[in-house]
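Take a look at the structure below.
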Amino acid sequence: MHLILLGPPGSGKGTQAERLCKQWALPHVASGDLFRDHLKRETDLGKLARSYMDIGQLVPDDVTIAMVKERLSRSDCRGGAILDGFPRTRAQAEALDLILQELGQQLTGVLFMAVPDDVLIERLSGRRICLQCQAPYHVAFSPPRETKTCDLCGGELCQRDDDQPETIKARLDVYQQQTTPLIEFYQVANLLHEVDANMDIDQVTDALLTIIHSLQP
Ligand code: ADP
Ligand code: ADP
Ligand code: ZN
């Protein structure tokens with residue numbers, strides 16, 4: 001089962017992917033997490049990616065596609081994966097079709113997580129992530145048990161450099177311009193399922209689970 005979580009920054013893709021992956025024992029393939037891992041290791045790709053991430057722009061398609069292709073080709077993705085944050089452009093969506101074709105796989109469905117902009121800003125402004133495992137938290141909506149410590153791995157929590165007001169605005173604009181065309185792209189392919197993601201975390205999980213169960217053969 002290959003699922004895509006499609007939605008604006010802050011719609012809860014990472015939060016929900018974590019839960020769905022546990023339920024189905026699938027790997028969580030998050031392009032943003034992969035880039036942040038490169039940043040931390042100071043690889044050439046990390047240095048390149050940082051120059052785009054810092055200003056809220058998308059990393060160029062060719063390097064992004066190559067990175068995700070390599071990840072999806074690993075053996076743990078043979079039974080599927082939950083994609084979070086990829087694809088974000090039409091070129092990436094077309095490339096993903098080819099990648100899955102080459103792997104003898106197909107897309108099961110695309111879950112589109114709809115949330116109004118004012119709620120997104122509130123969520124992104126209070127987001128904290130684990131430096132070690134990248135699990136997302138929110139100071140008010142999803143606080144850790146102990147301040148500044150990850151419930152899952154004990155890692156230290158921090159605010160992402162790009163979760164600042166100016167960069168948040170740029171990322172929402174980039175999403176509007178470059179990613180929203182994918183809604184129609186997947187609608188035409190009959191793969192799109194919209195979820196009201198402006199509900200409590202548990203309610204959104206339930207809505208996603210209902211849809212995914214209906215997609216299972
Ligand atoms: P969010 O969780 O807020 O949606 P991500 O962690 O997915 O943000 O992405 C952070 C940044 O990483 C993006 O602003 C962009 O610079 C880069 N990035 C992540 N995924 C992609 C992608 N599929 N294509 C291009 N750039 C990406
Ligand atoms: P994305 O991966 O789409 O950028 P995240 O999963 O990182 O989104 O969530 C963004 C922020 O909003 C995080 O701080 C997270 O704890 C919080 N959050 C996620 N889902 C909800 C929800 N349904 N209600 C309130 N806050 C949420
Ligand atoms: Zn952690």
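As an exercise, use a Förster radius of 30 Å and the Cβ-Cβ distance of Arg78 and Cys153 to find the FRET efficiency, rounded to the nearest 0.05. Provide the component values of the computation, followed by the final result.
Details: r = 26 Å, r/R0 = 0.86.
Calculated value: 0.70.
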Which residues qualify? For Ala81, with a placed amide H closer than 5 Å and at least 5 residues away or on another chain, they are His2, Leu3
Asp97 and Asp200 label points (each 7 Å along its Cα→Cβ direction) are spaced in nm at 4.1 nm
Given the candidates Leu191, Ala49, Gln177, the one whose Cα lies deepest towards the positive end of the charge dipole of the chain, counting +1 at each Lys or Arg C-beta and -1 at each Asp or Glu C-beta, is Ala49
Subtracting the Cα-Cα distance of Ser125 and Val63 from 0.36 nm times their residue separation yields 19.5 nm
Length-normalised contact order of the chain, Cα under 8 Å, at least 6 apart, in percent, tallies to 29 percent
Candidate cut points under trypsin sites (Lys or Arg not before Pro) in the stretch 1-91, DSSP loop plus at most 16 other Cβ atoms within 10 Å of their own Cβ, are Arg74, Arg78
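For an R0 of 25 angstrom, estimate the FRET efficiency from the Cβ-Cβ distance between Asp173 and Gln106 and round to the nearest 0.05. Could the numbers behind the result be given before it?
Details: r = 32 Å, r/R0 = 1.30.
Efficiency, from the Cβ-Cβ distance: 0.15.
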Amide H neighbours of Leu107 at under 5 Å, excluding residues fewer than 5 places away on the same chain, with H built from the backbone geometry, are none
Each label sits 7 Å from Cα toward the beta-carbon; between Lys40 and Leu215 the label points are separated, in nm, by 2.7 nm
With x for Gly and Pro, the residue-by-residue ³J(HN,Hα) of the stretch 44-57, computed from phi through the Karplus equation 6.51 cos²θ - 1.76 cosθ + 1.60 at θ = phi - 60° and given in whole Hz, is 4, 4, x, 5, 5, 4, 4, 5, 8, 4, 4, 10, x, 9
For the stretch 112-142 the trypsin sites (Lys or Arg not before Pro) that pass both the DSSP coil test and the at-most-16 other-Cβ-within-10 Å test are none
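What is the antiparallel percent of DSSP beta bridges lying wholly in the chain, to the nearest 5? Could the numbers behind the result be given before it?
Working: 8 of 25 bridges.
Taking every DSSP beta bridge with both residues in the chain, the antiparallel ones total about 30 percent.
As a check on your grasp of the helix formula, calculate [θ] at 222 nm for the chain: sum -39500 (n - 2.57) over DSSP H runs of n ≥ 4, divide by the residue count, round to the nearest 500.
Numbers: 9 runs with 100 residues, N = 217.
Here the helix-only value at 222 nm equals -14000 deg cm²/dmol.
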For Gly155, other-chain or 5+-apart residues with amide H closer than 5 Å (H placed, Pro excluded) are Cys150
Between the modelled labels at Arg160 and Asn190 (7 Å from Cα along Cα→Cβ) the distance in nm is 3.5 nm
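Read-outs throughout are calculated quantities, based only on the coordinates presented, and are distinct from any laboratory measurement. Note that the structure is predicted; figures quoted are calculated from it, not measured. Heads up, the Cβs are rebuilt from the backbone with ideal geometry, glycines too, and the neighbour counts pull from every protein chain shown.
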